[in-house]
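Structure, as C-alpha cells:
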Amino acid sequence: MFTTTVCAALSAAGLAISLLTAYRRRFRRATKIAALSLVPVGLAMAGLIELGGKVGRAIGDWAADLVLKPSVWGGFAVLAVAVLLWIVQRLVGERAKRKEGGSAPAAPAAAPSASRPALGGGRAGKSRGAAPATGGRKRSGSGDEDFSDIEAILKKHGI
C-alpha cells in the first residue's frame, strides 16, 4: 500500500512537470519526462517493487498474481506505454537531427563578403602614415564625425 502511494505520487509529480514542459513547447523533452514518470507506477502495479510489507516475496506468488490479477497486466501495459513513448521521442529526435544536417549542405557561418568593410574606407593594406579615405568628407581634428547628413534628415522632418 505504501509503495503504491509513493510510486503514484512520483508519477503524478513527473506528469505535472511533463505538462509544464509541454506548455513551454518543448514536446520532445515533455515526452521523455512523461515516459520516465510512468515507470514507478508501472513497476508498482506489476508488483516488481515493494518498499514495505512482504520484502522476500516468492516468485510463485508473483506468477500467480500475474495470471490472476488484471492490475498486474495493467502495470505491464503502463511499462509498455513508457517504453513506447521513450522510443517515439528518440525516433523523432533522430529524424529532426537528420533533417537539419543531412538534407542540405551546411551554410557558411558568414557570407563571403562579410569580412570586407561595408562602406569602404578602411585602413587595410595602407601604411600608417596614409590618411584614410573618408568618401569626400573632412574630419575635424577632435575625432567628431560629420553629422551633416543626419542633420539634413532631421531638418527635412521638422525635428
Exercise. Quick one: is residue 79 open to solvent by less than 60 Å² (accessible area, probe 1.4 Å), of a type outside the set (S, T, N, Q) and at pLDDT 90 or above?
Worked result: yes
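Here's the yes/no breakdown for (1) in a helix (DSSP H, G or I); (2) at pLDDT below 90:
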| site | (1), (2) |
| --- | --- |
| 10 | yes, no |
| 31 | yes, no |
| 93 | yes, yes |
| 118 | no, yes |
Exercise. Among the listed residues 56, 60, 52, 14, which satisfies the condition of being open to solvent by less than 90 Å² (accessible area, probe 1.4 Å) and at pLDDT 90 or above?
Worked result: 14
Problem set entry | Hey, residue 104 open to solvent by 60 Å² or more (accessible area, probe 1.4 Å), outside any helix (DSSP H, G or I) and modelled with pLDDT under 90 or not | no
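The values are calculated or read from the model by the stated rules, or taken from the named source; none is laboratory data. Worth saying up front: this structure is predicted, and the values here are computed from it rather than measured. Keep in mind that these areas ignore ligands, DNA and RNA; they rest on the heavy atoms of the full protein, side chains included. Shrake-Rupley method; radii C 1.70, N 1.55, O 1.52, S 1.80 Å.
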